[in-house]
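The values are calculated or read from the model by the stated rules, or taken from the named source; none is laboratory data. If you're wondering where the values come from, they're calculated on a predicted model, not measured in any experiment. FYI the Cβ positions are ideal-geometry reconstructions off the backbone, even for glycines, and counts take in every protein chain you see. Ligands, DNA and RNA are excluded from the accessible area calculation, which covers all protein heavy atoms including side chains. Shrake-Rupley method; radii C 1.70, N 1.55, O 1.52, S 1.80 Å.
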Amino acid sequence: MSKAKNFGLGAVVLFLSLVGFFIMLELRAKPGTRTPEFKAPLVRVQPVELVEKQILVESHGTIAPKTQSQLTAEVAGRIQSISPQFKAGGFFEANEILIQIDPFDLNQAVIMAESDLAKAELREAQVVAEARLAQQDWQALGQGEADPLTLYIPQQKEAHAATEAARARVEKAKRDLEKAAIRVPFSGRVREARVDVGQFVGVGTPLATVYALDKAEVRLPILDTDLAFLQDALHPSKRAKPLQVDFLAEFGGETQQWSGVIVRSEGELDAKTRLFHLVAEIENPFVPQSDRMALTPGLFVKAQIHGVVLDPVAVLPRAALWGEDQVLVVDSENHLTKRTVQVQRSDIREVVIGHGLESGEQVAISRLELVTDGMSVRIWDGSQEAK
């Protein structure tokens, strides 16, 4: 009896529990359904403006003097004196005596050469006089044609040749005496001094390295693709006007600028680097000016060569280029369209487009992962945040 009663009570409890569970399921709030919201990509745009564009071809190089000389001794002797400017970094004027070699032995050589010349001139005069007498005697006593030796003809030639040789030795001795004073035919600066007072030098002994102050040269490597923007850079004789070059360098704690021109090309392609090399020239680079500091040989400089002027073209950031020759145009309804354009030049910063865009059109300059024609976008106005 008790077992049947307990079983019936348990069944009632289980039934009531199930009823309560189903009632709770019915009463529980059902979750609402929402349609996912689509947000068009946020892009930056730049209006197209057709302008003239001066192409600047960038390069780099090292400053080097156009004229640099190695001074060597042309006569032997002991160094008697040197100029106060004969030291590394010293400035000197054209034809200033930088080194004086002791001239004593060279003066003696001049005196001896002049003595030999006087003797040769005396002997030649004697031979000429003897030839005159021989000619007179033959005319008075001789018959037929006289032998040249009798008339002193070869003797005169030999005496005259000896005189000329003696005169040449005098000139050489005087030239050697002049060479004892070491001069340079240009105003310049000493790059390296190798000797000092009291040192004995022989013919060919290196004395110093000097360079002229009037001009500097810079060797500029150029990609072959950039030559099209440099007119006739490989044939400077055909250019009516030399190409201008701006040089920039960090010097003296600030950015300095100098100007120069392209004067020639080296005329061949470097087999290792596949680069052409143009040579630029800078006037008076090693003398300070009111608006610039003096250049220094060995200084590394960046160069901007003024190339051709393109007109009309659109100049856009490099990010505007999609692939090799396409851009993304945003129409008035904020839809994207891929458009093929003529790329005239591009680098890491900008792209120059010749044909394919109209003034006033807007071009996307943001990078997008996926693009389809007609895709909607939102234009960034400076206040939105990309999410």
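Annotations for the structure displayed:
- Cα-based helix-to-principal-axis angle, 104-141 vs the chain, degrees rounded to 10: 50
- Net charge of the neighbourhood of residue 165, taken over other residues with C-beta under 14 Å away and scored Lys/Arg +1, Asp/Glu -1, is -1.
- Heavy-atom accessible area ranking, 1.4 Å probe, most first, across 306, 277: 306, 277
- Rounded to the nearest 500, the helix-only mean residue ellipticity at 222 nm of the chain stands at -8500 deg cm²/dmol, with each DSSP H run of n ≥ 4 adding -39,500 (n - 2.57).
- Here the Gaussian network model covers the chain, with springs between Cα atoms less than 10 Å apart; of 249, 228, 140, 140 fluctuates the most.
- Rounded tilt (10° steps) of 2-27 against the dominant C-alpha axis of the chain: 50
- Positive minus negative residues near residue 226 (Lys, Arg vs Asp, Glu; Cβ under 12 Å): -2
- For the pair residue 266 and residue 69, the difference between a 0.36 nm per residue extended length and the Cα-Cα distance amounts to 68.8 nm.
- Residues 39, 119 ordered from highest to lowest accessible area at a 1.4 Å probe: 119, 39.
- The residues of the range 43-174 have, on average, 62 Å² of accessible surface per residue, using a 1.4 Å probe with all protein chains present.
- By accessible area, using a 1.4 Å probe on protein heavy atoms only, the chain has 54% of its surface on carbon and sulfur.
- Ordering 120, 188, 146 by Cα displacement along the dipole of the chain toward the positive end leaves 188 in first place; charges were set at the Cβ atoms of Lys, Arg (+1) and Asp, Glu (-1).
- The count of lysine pairs in the range 83-222 with alpha-carbon distances below 27 Å, taking only pairs 8 or more places apart or on different chains, stands at 9.
- Accessible solvent surface per residue of the range 267-370, calculated while the other protein chains remain in place, 1.4 angstrom probe, Å²: 55
- Among residues other than residue 341 with Cβ under 13 Å from its Cβ, the summed charge is -1 (Lys and Arg +1, Asp and Glu -1).
- Computed over the chain, relative contact order equals 25 percent, with contacts defined as Cα pairs under 8 Å that lie 6+ residues apart.
- Estimated at 0.36 nm per residue, the fully extended path between residue 368 and residue 181 surpasses their Cα-Cα distance by 59.8 nm.
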